[in-house]
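The values are calculated or read from the model by the stated rules, or taken from the named source; none is laboratory data. Everything numeric in this text was worked out from a predicted model, so none of it was measured. Cβ coordinates were reconstructed from backbone atoms using ideal geometry, including for glycine residues, and neighbour counts include every protein chain displayed. All accessible areas refer to the heavy atoms of the entire protein, side chains included, with ligands and DNA or RNA removed. Shrake-Rupley method; radii C 1.70, N 1.55, O 1.52, S 1.80 Å.
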Amino acid sequence: MTGIRALWDDKYNKCLNEIYESYDIGMDLVILDEVDAECYNYFCKTCEAAMKVFPISEHANNMEQELVTGVMMKWKELLKTLRKDSRYQIN
């Protein structure tokens, strides 16, 4: 299994549940508005790690290279947006 949830440390389960609550009930979005800086930064760190392993993941192996490239571009856009938030801290 790959992706953000697969890389998530159990220590941050409360944070994970807060972020993914809407997604898990079918709204297809995560909500970061009310999470604290620690949770926000852990989410960012996990997104970065998931992005790095995506091109070699089982999921990506079933995709055309152009699609993998497109997904990677979207990951980079997401990370760029996340880094603009005042809670973001470079570790």
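At a glance:
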quantity	calculated
Distance between modelled label sites at residue 84 and residue 29, nm, 7 Å Cα→Cβ extension	1.6
For the chain: accessible area per residue (Å², 1.4 Å)	72
Relative contact order, percent, the chain [alpha-carbon distance under 8 Å, six or more residues apart]	31
Unmatched cysteines, the chain - criterion: no other Cβ of a Cys under 4.7 angstrom	44, 47
Exposed-site-free run, longest, the chain (rule: GluC sites (Glu not before Pro); DSSP loop; at most 14 other C-beta within 10 Å)	1-33
Answer label, with Cα extents along the principal axes in Å calculated from the coordinates and candidates (1) 32, 30, 20; (2) 37, 28, 24; (3) 81, 26, 22	(2)
